[in-house]
């Protein structure tokens, strides 16, 4: 299992056994459509909740627990779908339709902060996060070209197609890239004041 750390945002990905089937990844774009539709609405709500939380944190230094749990749940759901599909191709187990943490090879947890900085809430999501935005832009790429993560997952899919195995080193790097992305996302979404580390893994 990959993802244990003392950082408050934990992103876990476990390569399932037996491994993913050789051809199944070709259909996952289709199988993922119900999740993609739901996630569009969840992310609209995520943005609205983050804006509301911004003002609450600014005046109270606290992130309301209900809003916090919802936004963490959206990140968790997104990671599970990505792990199943083209952010990792780590499992053929279909993702559950829930915000909650359940028995699944991919999970995401964020420690609830009892208090957040009122000053940091003004600058961390844009100014302080700029170095990470530059790096993550390289990882995910743009509309016309895939980033490093996409290229890596495609390589993993080709290796899987011809060998029936998911190369462990490629898997570890793919999960590491996703871990970096989700930690930056959680930081920018005001879920933690701890600055994201510049690394893919914790071991």
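Readers should treat all values here as calculations from the given coordinates under stated rules, not as data from a laboratory. These figures come from a predicted structure and were not determined experimentally. Cβ atoms come from the backbone with ideal geometry, glycine included; neighbour counts cover every protein chain shown.
Here the helices (runs of 4 or more DSSP H) wholly within the stretch 13-100 that include at least 3 residues being surrounded by 17 or more Cβ atoms within 10 Å (Cβ to Cβ) and under 19 Å from the mean Cα position of the chain (by Cα) are 33-60, 65-84. Considering the stretch 117-188, the qualifying helices (runs of 4 or more DSSP H), each wholly inside and each with 2 or more residues that are in contact with a helix residue (DSSP H, G or I) (Cβ under 7 Å, 6 or more places away or on another chain) and over 30 Å from residue 67 (Cα atoms), run over 148-163, 168-188.
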